[in-house]
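Trainee: One structure follows; several queries about it will come next.
The values are calculated or read from the model by the stated rules, or taken from the named source; none is laboratory data. The structure presented is a predicted model; accordingly, all values stated were derived computationally and were not measured. Note that each Cβ is placed from the backbone with ideal geometry, even for glycine, and that neighbours are counted across all protein chains shown. Note: areas computed on protein heavy atoms with side chains; ligands, DNA, RNA excluded. Shrake-Rupley method; radii C 1.70, N 1.55, O 1.52, S 1.80 Å.
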Amino acid sequence: MLLKIFPDKTFYPAVGNHEAAPCNLYPTPNIKTDNISWLYSVLADDWVKLGLPEDTRSSILSGGFYTTVIRPGLRLISLNMNYCTSDNYWILIDSIDPLGQLKWLIQTLQSAEDNNEKVHIIGHQPPSQCTAAYSWNFNKIVNRYENTIAGQFYGHVHSEGLIMFYDEIDSKRPVSMAYIGPSVTTYSHYNPGYRTYTIDGQYNGSSYWTLDYHTTIMNITASNLMDEPRFAREYDARQTYEMKNLFPSGWDDLIQRLASNMDGPLMGLVYQFHTKSYANGTQCDHKCRRGLLCEFLSARPEDPHACDSLPAF
């Protein structure tokens with residue numbers, strides 16, 4: 001269907017939790033009584049048909065992850081985040097790096113740094129939903145390669161959001177951030193939505209950072225009333241949030257502004273867009289708003305001091 005509707009386009013997939021059967025369960029390589037090679041064989045064939053180069057096949061077959069060059073100077077890394085989340089009971093046996101994927105990630109980022117490439121990382125589950133051991137190691141990797149990683153993009157949670165990465169020594173210095181895009185599912189009462197990113201273009205010295213994005217939603221109520229899909233451009237990030245740029249420093253500035261006026265209208269808009277305009281700011285009290293802002297502040301679970309900077313309840 002993708003090939004038919006979008007001819008001559010290249011797709012860069014990331015494996016999700018519902019691809020497995022049973023859902024969420026991805027056996028680790030040391031499990032000899034069960035394996036998931038049947039899935040990776042299908043994904044390798046299908047993803048190459050969708051435009052991935054043949055040299056991605058071997059890593060897809062070994063674990064559903066890969067890397068490829070999108071254009072000279074920009075590399076993509078697609079991670080299989082199912083080997084980091086507690087929903088995958090198999091990793092209770094080994095939650096540090098059961099697939100060797102983090103080691104591979106370091107090697108790939110080092111090669112990109114050596115070759116002056118910028119990197120975009122995509123994955124299904126955001127690192128904030130990983131086990132503590134995996135997530136904290138991932139955070140160290142992001143810290144080390146902050147000048148190479150130009151973007152991180154995740155999904156899974158159905159609502160939209162972001163997560164910040166701060167320097168492990170200077171906790172106030174933002175080094176990276178990750179976008180959590182909305183879903184086209186309602187799950188179970190939100191509006192369907194999708195996001196379009198504008199990326200710094202191909203030229204000598206390009207940052208390849210996200211310059212702006214806009215989110216489009218389908219209004220379920222209006223669509224049902226009119227008996228046809230009703231799409232609307234929900235918002236544009238830079239204009240709505242009055243941001244100079246969408247670098248980590250720009251998002252940190254927004255978070256500081258939100259924290260200083262948590263009960264104000266701007267934080268209300270953030271909550272509204274978080275729900276894909278199913279709800280508005282009046283339906284999120286101070287505790288709700290602080291909790292949402294706290295989610296944005298750390299990519300590491302079980303971080304007891306991540307939200308110390310936020311005003312108390």
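Trainee: Is the shape of segment 79-205 rounded, prolate or oblate, going by the alpha carbon gyration tensor and its root eigenvalues a ≥ b ≥ c, with a/c under 1.5 for rounded and a/b larger than b/c for prolate?
Mentor: Oblate, since a/c reaches 1.5 and b/c is not below a/b.
Trainee: What does the charge count near residue 83 come to, summing +1 for each Lys or Arg and -1 for each Asp or Glu among other residues with Cβ under 10 Å from its Cβ?
Mentor: Charge balance near residue 83 sits at -2.
Trainee: For the chain, what is the mean residue ellipticity at 222 nm derived from helices alone (per DSSP H run of n ≥ 4: -39500 (n - 2.57); sum divided by total residues; nearest 500 deg cm²/dmol)?
Mentor: Taken over the chain, the calculation gives -9000 deg cm²/dmol.
Trainee: Go ahead and set up a Gaussian network model of the chain, Cα springs under 10 Å, then flag whichever of 225, 79, 258 fluctuates most.
Mentor: 225
Trainee: Ignoring ligands, DNA and RNA, what percent of the accessible area of the chain is carbon or sulfur (1.4 Å)?
Mentor: Within the chain, the accessible surface is 53 percent carbon and sulfur.
Trainee: Starting from the 7 Å offset along Cα-to-Cβ, what nm value, one decimal, do you get for the label separation of residue 94 and residue 133?
Mentor: Here the modelled spin labels are 1.1 nm apart.
Trainee: Looking at the square roots a ≥ b ≥ c of the eigenvalues of the Cα gyration tensor of segment 160-313, which shape do they give, rounded for a/c under 1.5, prolate if a/b is larger than b/c, or oblate?
Mentor: In terms of gyration-tensor shape, oblate.
Trainee: Between 0 and 90 degrees, rounded to the nearest ten: what's the tilt of helix 248-260 against the longest Cα principal axis of the chain?
Mentor: Helix 248-260 and the main axis of the chain meet at about 40 degrees.
Trainee: About the Cα centre, and with charges only on the beta carbon of Lys, Arg (+1) and Asp, Glu (-1), how big is the dipole of segment 88-229? Nearest 20 debye, please.
Mentor: My answer is approximately 180 debye.
Trainee: In Å, what is the Rg of the alpha-carbon atoms in segment 1-74, and how long is Dmax?
Mentor: Values for segment 1-74 (Cα only, Rg and Dmax): 13.8, 43 Å.
Trainee: For segment 147-258, what relative contact order do you get, as a whole percent, if you take Cα pairs closer than 8 Å and at least 6 residues apart?
Mentor: Across segment 147-258, relative contact order equals 20 percent.
Trainee: log₁₀ I(q)/I(0) of segment 1-153 at q = 0.11, 0.16 Å⁻¹, via Debye over equal Cα point scatterers, no solvent, to two decimals?
Mentor: Each listed q corresponds, in turn, to -0.42, -0.90.
Trainee: Classify the chain: rounded, prolate or oblate, from the alpha-carbon gyration tensor (a ≥ b ≥ c, eigenvalue square roots; a/c under 1.5 rounded; otherwise prolate if a/b is larger than b/c)?
Mentor: Rounded, since a/c falls under 1.5.
Trainee: Just in segment 108-178: which trypsin sites (Lys or Arg not before Pro) are loop by DSSP and have at most 10 other Cβ atoms within 10 Å?
Mentor: Taking segment 108-178 and a limit of 10 other Cβ atoms within 10 Å, the loop trypsin sites (Lys or Arg not before Pro) found are 172.
Trainee: Using Cα-Cα distances under 8 Å and only pairs 6 or more residues apart, what relative contact order does the chain have, in percent?
Mentor: Numbers: 563 pairs, mean separation 38.8, N = 313.
Computed over the chain, the figure is 12 percent.
Trainee: How far, in degrees from 0 to 90, does helix 132-144 lean away from the longest principal axis of the Cα atoms of the chain, to the nearest 10?
Mentor: Value to nearest ten degrees: 90.
Trainee: Return, in residue-number order, each cysteine of the chain whose C-beta is not under 4.7 Å from any other cysteine's C-beta.
Mentor: If one checks each Cβ against the other cysteines of the chain, 23 turn up with nothing under 4.7 Å.
Trainee: Pairs to check: 244/276; 140/172; 49/276; 172/287; 4/103. Give those whose C-alpha atoms are more than 27 Å from each other in this structure. Spell out each step's value before the answer.
Mentor: Working: 244/276 24 Å; 140/172 16 Å; 49/276 33 Å; 172/287 23 Å; 4/103 37 Å.
Correct reply: 49/276; 4/103.
Trainee: Now for a different question. Kindly express, to the nearest 10 degrees and within the range 0 to 90, the angle between helix 286-296's C-alpha long axis and the longest C-alpha principal axis of the chain.
Mentor: The two axes meet at around 30 degrees.
Trainee: How much net charge surrounds residue 60 when only the other residues with a Cβ under 13 Å from the Cβ of residue 60 are counted, with Lys and Arg +1 and Asp and Glu -1?
Mentor: Details: positive: 49, 57; negative: 19, 45, 46, 54, 55.
It works out to a net charge of -3.
Trainee: With every protein chain present, what is the per residue accessible area of the chain (1.4 Å probe, Å²)?
Mentor: With the other protein chains kept in place, the chain gives 49 Å² per residue.
Trainee: Restricting to the chain, compute how many DSSP beta bridges are antiparallel as a %, nearest 5.
Mentor: Antiparallel bridges make up about 70 percent of those DSSP assigns within the chain.
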